[in-house]
Amino acid sequence: DVKVTQSSRYLVKRTGEKVFLECVQDMDHENMFWYRQDPGLGLRLIYFSYDVKMKEKGDIPEGYSVSREKKERFSLILESASTNQTSMYLCASSVSSGRGTGELFFGEGSRLTVL
Amino acid sequence: GDSVTQMEGPVTLSEEAFLTINCTYTATGYPSLFWYVQYPGEGLQLLLKATKADDKGSNKGFEATYRKETTSFHLEKGSVQVSDSAVYFCALQGAQKLVFGQGTRLTINP
């Protein structure tokens, strides 16, 4: 079975803390993505990466950064957490194809609460 | 830019009822279209997809037809079950990413 694993299901952090969300996929996929999910807003893309050490901004990159040092691992970093970053964070991966990203495989999500 | 609009939820139905969740899109060209489902406490998983106009995607009794003339990809199921309770997302394939709708929460009562 294909698998995308997110390191923490639930986190509680304080305003100003640095937060790391880790994601690992075992499918040898080229593409990896970080989305945040908020009620009524659906999924919004934060950052994505189509290769090791490559990264691209998504629709809402402000306040976030990412790291992809190995093909299977994609980390999302909140340099200084704020309360408006309280959300569900979803990691996904996909194989590259001639028609774009193709099917995404998602992890179970990390619910972050910033107090 | 590319966008997806879904019918607002929540939607509540009785078991064995007919289901339609509307989805329309705005995009340049003819992107692939997807429905994803998120069961409680889980991540999203692909439910079905269609890659060109008039294609019909189907899975687990759900169907959706790619309608170019109405830019729509409505999700349907003839007889829903309690186990279909979930959040459903319509999405289209952009150049480098998927663009998602806001999601529709579906609750099926026994």
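One decimal place: the segment A:Lys70-A:Asp28 gains 14.1 nm when fully extended, by the rule 0.36 nm per residue minus the C-alpha distance. Cβ-to-Cβ counts within 10 Å put A:Tyr10, B:Tyr30 in ascending order as A:Tyr10, B:Tyr30, the fewest first. At a Förster radius of 22 Å, what calculated FRET efficiency corresponds to the Cβ-Cβ distance of B:Glu42 and B:Gln81, to the nearest 0.05? Calculated value: 0.80.
The length gained on full extension between A:Ser80 and A:Val52, counted as 0.36 nm times the residue separation minus their Cα-Cα distance, comes to 7.6 nm.
Mean silhouette area of the protein assembly as shown, derived from the convex hull of its C-alpha atoms and averaged over all directions, reads 12.2 nm². For segment B:16-110, the relative contact order is 31 percent, taking Cα pairs closer than 8 Å that sit 6 or more residues apart in sequence and dividing their mean separation by the residue count. Per the Debye formula on identical point scatterers at the alpha carbon atoms of chain B, with no solvent, log10 I(q)/I(0) at q = 0.17 Å⁻¹ is -0.73. Principal axis extents of the Cα atoms in chain A, from largest to smallest and rounded to whole angstrom, are 42, 31, 27.
Taking the fewest neighbouring Cβ atoms within 10 Å as the starting point, the ordered list for B:His74, A:His29 is B:His74, A:His29. Work out which trypsin sites (Lys or Arg not before Pro) in chain B are exposed loop sites (DSSP not H, G, I, E or B, at most 12 other Cβ within 10 Å) and give the longest gap free of them. Within chain B, the longest run free of exposed trypsin sites (Lys or Arg not before Pro) spans B:1-51. For segment A:1-43, trypsin sites (Lys or Arg not before Pro) meeting the loop criterion (DSSP other than H, G, I, E, B) and having at most 16 other Cβ atoms within 10 Å: A:Lys3, A:Arg9, A:Arg14, A:Lys18. On full extension, the segment bounded by B:Lys52 and B:Glu15 gains 10.1 nm, given 0.36 nm per residue less the C-alpha separation.
Any read-out appearing in this document is the output of simple, stated calculations on the displayed coordinates, not a laboratory observation. Keep in mind that what you see is a predicted model, and the values were worked out from it rather than measured. Positions of Cβ are generated from backbone atoms using ideal geometry, with glycine treated the same way; all protein chains shown enter the neighbour counts.
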